[in-house]
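Right, one structure below, let's go through it.
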Amino acid sequence: MVFGTNNVNSTDDSSNEEDQSVLFGVRASWFANILLLLIKIYAYYISASQAVLAALADSVVDLISQIILASADDVANKPSENHPVGRARIESLSVMCCAAIMIVASVEVVEG
């Protein structure tokens with residue numbers, strides 16, 4: 001079996017295409033979450049419905065969770081002289097923080 005530069009380039013090309021599709025997915029997710037939040041704010045303003053308020057709370061929690069996870073990912077991927085091994089544990093902490101926010105929001109919706 002002979003390995004040529006075409007095989008390496010095709011792997012790089014597919015990796016680049018995968019990176020582009022992941023980036024598109026992340027951007028589409030941000031756009032969709034913000035759009036849903038705005039629509040639900042407007043729907044609650046018009047209807048004052050408790051069901052719409054619960055859906056609005058869910059959208060707020062989703063957006064906050066997305067912000068926390070994106071921030072943790074940025075921090076974990078930045079090289080640092082103070083943390084030569086890395087900051088991979090911050091991602092686990094961000095997931096626990098998101099879970100705590102979801103619990104608080106759920107309790108508030110149930111009590112409200």
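Filtering segment 81-91 to residues that are modelled with pLDDT of 75 or more and more than 20 Å from Ser65 (Cα to Cα) leaves Glu81, Asn82.
Results for (1) touching a Gly at 6+ places or on another chain (Cβ under 6 Å); (2) crowded, with 16+ Cβ neighbours inside 10 Å; (3) at pLDDT 90 or above; (4) outside any helix (DSSP H, G or I), shown as yes or no for each residue.
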position	(1), (2), (3), (4)
Ile34	no, no, yes, no
Leu38	no, no, yes, no
Tyr42	no, no, yes, no
Ser59	no, yes, yes, no
Ser65	no, yes, yes, no
Ala105	no, yes, no, no
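Tell me yes or no: at least one residue of segment 21-40 is more than 22 Å from Ala100 (Cα to Cα) and in contact with a Leu (Cβ under 8 Å, 6 or more places away or on another chain). Within segment 21-40 (the criterion being more than 22 Å from Ala100 (Cα to Cα) and in contact with a Leu (Cβ under 8 Å, 6 or more places away or on another chain)), the answer is yes, since at least one residue qualifies.
Would you say Ala88 is exposed (fewer than 12 other Cβ atoms within 10 Å of the Cβ) and at negative phi?
yes
The values are calculated or read from the model by the stated rules, or taken from the named source; none is laboratory data. As the structure is a prediction and not an experimental result, all values here were calculated from the model. Cβ: placed from backbone, ideal geometry, glycine included. Neighbour counts: every protein chain shown.
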